[in-house]
1. Would you calculate the volume per residue, in Å³, of the smallest convex hull containing every Cα atom of segment 271-348?
2. For segment 52-207, what number of Lys pairs, 8 or more residues apart or on separate chains, have alpha-carbon atoms under 14 Å from each other?
3. Within the chain, which cysteines find no other Cys whose Cβ is under 4.7 angstrom from their own?
4. Report, to two decimal places, the Cα Rg of segment 52-207 normalised by 2.2 N^0.38 Å (N = number of residues).
5. So which lysines can K342 reach, going by Cα to Cα under 16 Å and dropping same-chain residues fewer than 8 places off?
6. Quick one: which of 55-65, 138-148, 152-162 comes out on top by average Cβ neighbours within 10 Å, and what's the full order, highest first?
7. Among the DSSP beta bridges whose two residues both lie in the chain, what percent are antiparallel, rounded to the nearest 5?
8. For the chain, count all C-alpha to C-alpha pairs, find those more than 25 Å apart, and express that count as a whole percent of the total.
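Quick note: the coordinates plus some simple rules give every number you see, no bench work behind them. Computed from a predicted model, the values in this text were never measured in an experiment. Neighbour counts run over all protein chains shown; Cβ positions are idealised from the backbone, glycine included.
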Amino acid sequence: MSKLLILLAFSSAFMVLSASAGNVVCYFTSWTIYRPDNGKFTAADIDPSLCTHVYYAFVGLREDGTVAVLDDWEITGLMEIEHLMSLKTQNPDLKIILSMGGWNEGSYKYSTVAKNPNARATMAKSVLEFIDKYGFDGFDLDWEYPCQRGGADEDKANFVTLLGELKAALNAQGYILTAAVSGGIASCKLSYDIPGVSANLDMINVMTYDFHGAFEKWVGHYAPLYASHLDETDEQKTLNVAAGLQYWLDSGADASKINLGLGTYGRTFTLANASNPDLYAPTYGGGDAGPYTRQMGVIGYNEVCAYESDWERVWDDEQKVPHKVKGTQWFGYDDEESLRYKVEFANSKNLGGVMIWSLDTDDFKGICGNGPYPLLKTINQYLN
């Protein structure tokens, strides 16, 4: 009887970690190995039982189409790739994906390569050589964004052409092709031929976050699930997860290919008046930098969860998201409760799964008392 109980207990624990029946795409950001103290995050900190895919972010692109390692200490970056590959010994089904691009890469180089047939061919060849050499299972393109930030009007068509050529080259060798795309409707209208993008990708990671932030002069949650009654303009009413995702679906994207983007961080503000912490209240810019992320206007869940005792947590039942406030500091973020709502929303749309940006800002060490990876475990528990 005791053996049976032990087996049942083990089985139940395994089921919690393996409950998800969809994609759980987890981004591993290469620069977080340089963070201080409990914020330092390496490949060894990843729990491979909680992800179906781990993305190494990022490599870059040269104007001739070749892959560039972005880590200033290139040997360190390559060693982390080796450590990533070792995760497959713990989870043989895990897929490790090479991700290229990101916000800091801009758009100009990608626009330049996408319009040139020779550069596109060079890019496909260079990507194949890189993922072959280091053992990746596929390639992810995070071009932020076609037709914007130094891009050209023809990027929308050229992006589809580039994806088509990459997919042909990669799929022929058994690799998958994915892309990270904007979740903002205005950005999508500028950047994407959505049916063409969908047809040429194996997975579409929709970045349904960063709808608001310190780049504005008022308070707004970075990733509300739904609109607020305080949203006044037509554009404001679209700056939420549900509207962004629905635009992709209504525009012809294959739901089974879409992974809904979820954040493990938040966006912060310094209020102009501590007595007015409401949505759209005026601000003086970003909130104070956290001890690990060290960037004004941004905070990791592993930083915000430490502010439990003397910070007021406020739940917005309309937008289904929390924020914390103390004095002039306002933090909008995601926690277990808001992520449950978002995962259940993804389930209701029959999506392929979810994408998490990023592993390093979950409470991966369990310093806040709920064990390691409380957010990622919540996502796994409720997905499908």
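1. 106 Å³
2. Values: K115/K156; K125/K133; K125/K167; K156/K189.
Going through segment 52-207 pair by pair, I get 4.
3. C147, C188, each lacking another Cys Cβ under 4.7 Å.
4. Normalised Cα radius of gyration, segment 52-207: 0.99.
5. Hits, sequence-local ones excluded: K320, K377.
6. 138-148, 55-65, 152-162
7. Percent antiparallel among DSSP bridges in the chain is about 35.
8. 55 percent
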